[in-house]
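Here the structure is laid out as structure tokens; the discussion comes afterwards.
The values are calculated or read from the model by the stated rules, or taken from the named source; none is laboratory data. Fair warning: this is a prediction, and the values are worked out from it, not measured in the lab. Note that each Cβ is placed from the backbone with ideal geometry, even for glycine, and that neighbours are counted across all protein chains shown.
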Amino acid sequence: MMKKTATVLAGALLSLSAMTAQAETLKMAYDSDPVTLDPHEQLSGGMLQLSHMTFDPLVRWDQDMGIEARLAEKWERIDDLTMRFHLRKGVKFHSGNELTAKDVEFTFKRLQNSPDFKGIFTPFKEVRVIDDQTFDLVTNEPFPLILNNATYIFPMDSKFYSGEDENGNAKDMLVKFGNSFASRNMSGTGPYTVQYREQGVRTEFTRNADYWDSASKGNVDKIVLTPIKEAPTRVAALLSGDVDFIMPVPPADYKRIDASSEVDLVTMPGTRIITFQMNQERFEQFKDVRVRQAIVHAINQEGIVKKIMRGFATPAAQMSPEGYLGYNPALKPRYDLKKAKQLMKEAGYEKGFTVTMMAPNNRYVNDAKIAQAVASMLAKINITVDLKTMPKAQYWPTFDERAADIMMIGWHADTEDSNNFFEFLTACADKDSGLGQYNSGNYCNPEADKLMAQANTETDAAKRAQIMQQVEQMLYDDAAYIPLHWQNLAWGARAGVDIAPVVNKMNFPYLGDLVIKK
Amino acid sequence: MLAFLIKRLAQAIVVMFVISIISFSIQDNLGDPLRELVGQSVSEEERQALRDEMGLNDPFLVQYARFAGNALHGDLGTSYFFKEPALDVILKKLPATLDLVFGATLIIIGFSVPLGVYAAINPRSMFSKIVMGFSTVGISVPVFLTGIGLIYLFSIELGWMPSFGRGDVGHIFGFWDTAFLTSDGLAHLVLPCFTLASIMLPLFIRLIRSEMMEVLQSEYIKFAWAKGLAPKRIYYLHALKNTMLPVITVGGVQIGTMVAYTILTETVFQWPGMGFLFLEAINRVDTPLIVAYLIVVGAIFVITNTIVDLIYGLVNPTVKLFGGK
């Protein structure tokens, strides 16, 4: 009844609403809420989602993985090491202070001291302030990913964060596990300010009345974010109309949400690759490329996507998803049981062997089920798998110990660049440089590493793409790891909440631009 | 009385001590808290530096001594996630959990006593059989399934009840908040309270029924019938009073257990209470919060058992808790 009355009323007001922006409230439920208000305390999806609501980056990704100007209006390369940025004029922080290049410098220095972000900013030397509106980003060596990494620079209000708080600590102090001024207060340039926050229960955002982006059609005035941990409850909250927007949607409920006329499901191929790594140091047989090839040929990626992921994933034969420079279109999944058996025979393991396998059970979508499926696929080529799954909290220390012969690892490239996959997952492990930190397979190919290093300083995009695609080819030929799939992302929203244009592969919905139709 | 309470207090301290040692020694098996505090690409070196800073690399005894020393000053550590003293975080969530427990207790008492008594007096009636049948079903269905079923029926299909959360709360005494004071809060309470009650309610109906049937067979009831007392007086005064003795004992223990069941109920309904907090703390390896929770829940058990013992003495004068024979 109420809803009907509201619709009639809305209809009557339609002519009015065309002229004046309508105040809309968005109630949304994520699976977790931001751990802090300090954007540099933790590098995680949840924190970046918050940053995109309350701060603005210099530049950001659009839906096609292109770069979109935000606080930086334009930019140009001055030389091999320097990129010059021009800031938008007249942008104000929530505190009323005006945004200048000094704020960018302040933010950059803070990023360099953040344990989580310093890795992304090691290739950078400094921010050189030219004038209030202009600054240079200077790198140590020619660096192709300046813009990719500039998506992580969300200028903070240097005046607001200077001085001391009531405990006598500097306001810009970055505290990893404790109470700091920055973890409780914020001043950014973003479309929303945090008005109320009860951690773990609810966060309320109000639209920034002085938001610089007057071109944005966003009409949401107030956002109420409630974390709902349990997937069925989250879906129920959407279906019953208690919330307008949820993320993520569990695969089991895709059909149900898609079928309902009152709610919409939006999905998009994601960029997180799910793989298994075969540890050559623990298990001698994995040193033989024929054995690794046999295993890769025994895995039916399409079957896993179809049966376990219910079609909401993309089968993979490499780590780079489509849209990344290193994506090599020639590489296809190679499920072929006959060939797999043949290869095992050639390697002298026709009778097979027993290996141990470990996977988390609450980290990736359907992770434990995927591991079980892979184990049963390997049984077909006489490999007996001793599988153990565990919660992520226990899995990561176990992964660090390289505790099993085959271990699951999913990866999303923070830089949205192929080289990031190589550096963390397949490069020869080296404690000093930190390369191969998540290479539990101990796969090592010096030639691939050389190409990777070359790509790191190649600023010509076409040449870079060629180099990185070559690396993908080498890893493919070597069967360096077992590629499975890229998880799809899924969001659910009440009909009329037009989320499709504001969501993206990184899963940072640009809620400032969200339009709710009456 | 005083001696009894002092003895209880001493017992409580021992219990707390044991709980703290146990919870402290399992924390290493829960996982690495650093993993939840930093991003995935942070280097091992960086993580070790943070571990050192947090004192996580110290030997077990050093860590425990530091914890115990602080605990004596009422400081149970600082939650990694909330960045506030763990005890404060838990006490802030306590009202929400007690709302649930209180609501569920009302439902249990309100339904189990009349139903149990009715089933005992009229064991052969159709209604009694239906009640007993339902109670068997109720006991065997897991809490989270009951919760999800109720949400599906009353929130999604019928749209009568909110599907999650606690709604608006009212404040009393200046520091305590409760959902019982607002209509929105009450609406949010209904489904979770029934879910939580669904485990204990059948148990109590059966317990009251069987106790009452036994009492009705006893000599003094037969004598009362022979004396020609009114049935009402026999059932509700003489029989019921003796029926309630074992029920109170079981009830006291079960209230503690109910606190444990709130973990599941609160998770299903995203209820911002202690139980949900605890489960989240485990997922995040927020060890100070886990230890503090176990200690607080231990304290609740000790307190409820003490209260039950005291009530027991009031209901049955032949029970003596303190003093000689």
**Item:** Evaluation of residue A:263 against (1) within 19 Å of residue A:28 (Cα to Cα); (2) away from every other protein chain (no Cβ under 14 Å); (3) surrounded by 21 or more Cβ atoms within 10 Å (Cβ to Cβ) (one fails), failing number
**Value:** (2)
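Which of the residues belonging to segment B:55-75 are touching a residue at least 12 places away in the same chain (Cβ under 8 Å) and either at the interface with another protein chain (Cβ under 8 Å from one of its Cβ atoms) or acidic (Asp, Glu) (or both)?
B:75
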**Prompt:** Can you pull out the residues in segment A:409-439 that are more than 10 Å from chain B (Cβ to nearest Cβ), among the hydrophobic types (A, V, I, L, M, F, W, C) and buried (at least 20 other Cβ atoms within 10 Å of the Cβ)?
**Reply:** A:421, A:422, A:425, A:427
**Message:** What's the total number of residues in segment A:471-501 that are in a loop (DSSP other than H, G, I, E, B) and crowded, with 20+ Cβ neighbours inside 10 Å?
**Reply:** 4
**Prompt:** So which of A:178, A:190, A:218 is over 22 Å from the mean Cα position of the chain (by Cα), away from every other protein chain (no Cβ under 14 Å) and among the small types (Gly, Ala, Ser)?
**Reply:** A:218
**Message:** Is it the case, given these coordinates, that residue B:281 is closer than 30 Å to residue B:4 by Cα and more than 12 Å from the chain's Cα centre (by Cα)?
**Reply:** no
**Complete:** The condition of being of a type outside the set (A, V, I, L, M) and touching a Ser or Thr at 6+ places or on another chain (Cβ under 7 Å) holds, among A:140, A:149, A:167, A:185, only for A:149
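So if I check each of A:74, A:89, A:27, A:4, which one is within 19 Å of residue A:158 (Cα to Cα) and either modelled with pLDDT under 90 or of a type in the set (D, E, K, R) (or both)? Show your work before the answer.
On the way: A:74 fails: within 19 Å of residue A:158 (Cα to Cα); A:27 fails: within 19 Å of residue A:158 (Cα to Cα); A:4 fails: within 19 Å of residue A:158 (Cα to Cα).
The match here is A:89.
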**Prompt:** Do the conditions hold for residue A:159, that is, is it part of a loop (DSSP other than H, G, I, E, B) and under 26 Å from residue A:249 (Cα atoms)?
**Reply:** no
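Yes/no matrix, rows are residues, columns are (1) more than 14 Å from chain A (Cβ to nearest Cβ); (2) of a type outside the set (S, T, N, Q):
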{"position": "B:171", "(1), (2)": "yes, yes"}
{"position": "B:178", "(1), (2)": "yes, no"}
{"position": "B:187", "(1), (2)": "no, yes"}
{"position": "B:198", "(1), (2)": "yes, no"}
{"position": "B:206", "(1), (2)": "yes, yes"}
{"position": "B:209", "(1), (2)": "yes, yes"}
{"position": "B:247", "(1), (2)": "yes, yes"}
{"position": "B:255", "(1), (2)": "yes, yes"}
{"position": "B:259", "(1), (2)": "yes, yes"}
**Message:** Quick check on this structure: which one of A:345, A:388, A:369, A:341 is assigned to a strand (DSSP E or B) and away from chain B (no Cβ under 14 Å)?
**Reply:** A:388
**Message:** Within segment B:1-16, take every residue that is surrounded by 14 or more Cβ atoms within 10 Å (Cβ to Cβ) and within 20 Å of residue B:294 (Cβ to Cβ) and give me the one that is farthest from the other protein chains (Cβ to nearest Cβ).
**Reply:** B:8
**Request:** Could you please give the count of residues in segment B:158-216 that are in contact with a helix residue (DSSP H, G or I) (Cβ under 8 Å, 6 or more places away or on another chain) and on the phi > 0 side of the Ramachandran plot?
**Result:** 2
**Request:** Check segment B:98-115 and report whether any residue there is buried (at least 17 other Cβ atoms within 10 Å of the Cβ), more than 9 Å from chain A (Cβ to nearest Cβ) and part of a loop (DSSP other than H, G, I, E, B).
**Result:** no
**Asked** Out of curiosity, is residue A:313 crowded, with 19+ Cβ neighbours inside 10 Å, small (Gly, Ala, Ser) and closer than 20 Å to residue A:486 by Cβ?
**Response** yes
**Request:** Could you please let me know if residue B:76 is within 24 Å of the chain's Cα centre (by Cα), crowded, with 18+ Cβ neighbours inside 10 Å and over 25 Å from residue B:300 (Cα atoms)?
**Result:** no
**Prompt:** Checking residue A:196 against (1) touching a Lys or Arg at 6+ places or on another chain (Cβ under 9 Å); (2) surrounded by 15 or more Cβ atoms within 10 Å (Cβ to Cβ); (3) within 19 Å of residue A:511 (Cβ to Cβ), which single condition isn't satisfied?
**Reply:** (2)
**Item:** Pick from segment B:267-308, criterion within 13 Å of residue B:27 (Cβ to Cβ) and in contact with a Gly (Cβ under 6 Å, 6 or more places away or on another chain), ranking: farthest from the other protein chains (Cβ to nearest Cβ)
**Value:** B:288
**Request:** Answer yes if at least one residue in segment B:173-182 is within 30 Å of residue B:159 (Cβ to Cβ), touching a strand residue (DSSP E or B) at 6+ places or on another chain (Cβ under 6 Å) and in a helix (DSSP H, G or I), and no otherwise.
**Result:** yes
**Prompt:** Residues in segment A:271-282: is at least one of a type in the set (S, T, N, Q), touching a Pro at 6+ places or on another chain (Cβ under 8 Å) and under 20 Å from residue A:379 (Cα atoms)?
**Reply:** yes
**Matching residues, segment B:18-45, being within 9 Å of chain A (Cβ to nearest Cβ) and over 30 Å from residue A:433 (Cβ atoms)** = B:29, B:30
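Could you check segment B:193-286 for helices (runs of 4 or more DSSP H) lying wholly inside it with 2 or more residues that are modelled with pLDDT of 80 or more and under 22 Å from residue B:87 (Cβ atoms)?
Hits in segment B:193-286: B:240-269, B:274-284.
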**Message:** If I go through segment A:88-131 residue by residue, how many of them are among the polar types (S, T, N, Q) and either within 14 Å of chain B (Cβ to nearest Cβ) or within 20 Å of the chain's Cα centre (by Cα) (or both)?
**Reply:** 4
**Item:** Among (1) within 14 Å of chain A (Cβ to nearest Cβ); (2) out of contact with any strand residue (DSSP E or B) (no Cβ under 8 Å at 6 or more places or on another chain); (3) modelled with pLDDT of 85 or more - the single one residue B:95 does not satisfy
**Value:** (2)
**Request:** Taking only segment B:79-90 into account, find how many residues are touching a Phe, Trp or Tyr at 6+ places or on another chain (Cβ under 8 Å), at the interface with chain A (Cβ under 7 Å from one of its Cβ atoms) and in contact (Cβ under 8 Å) with a residue 24 or more places away in the chain.
**Result:** 1
**Complete:** In segment A:346-367, residues that are farther than 20 Å from residue A:300 by Cβ, out of contact with any helix residue (DSSP H, G or I) (no Cβ under 8 Å at 6 or more places or on another chain) and surrounded by 15 or more Cβ atoms within 10 Å (Cβ to Cβ) total 1
**Asked** Restricting attention to segment A:224-251, and to residues there that are assigned to a helix (DSSP H, G or I) and not hydrophobic (A, V, I, L, M, F, W, C), which single residue is farthest from the other protein chains (Cβ to nearest Cβ)?
**Response** A:251
**Asked** Within the bounds of segment B:131-147, is there any residue that is hydroxyl-bearing (Ser, Thr, Tyr), part of a loop (DSSP other than H, G, I, E, B), within 14 Å of chain A (Cβ to nearest Cβ) and touching a helix residue (DSSP H, G or I) at 6+ places or on another chain (Cβ under 7 Å)?
**Response** no
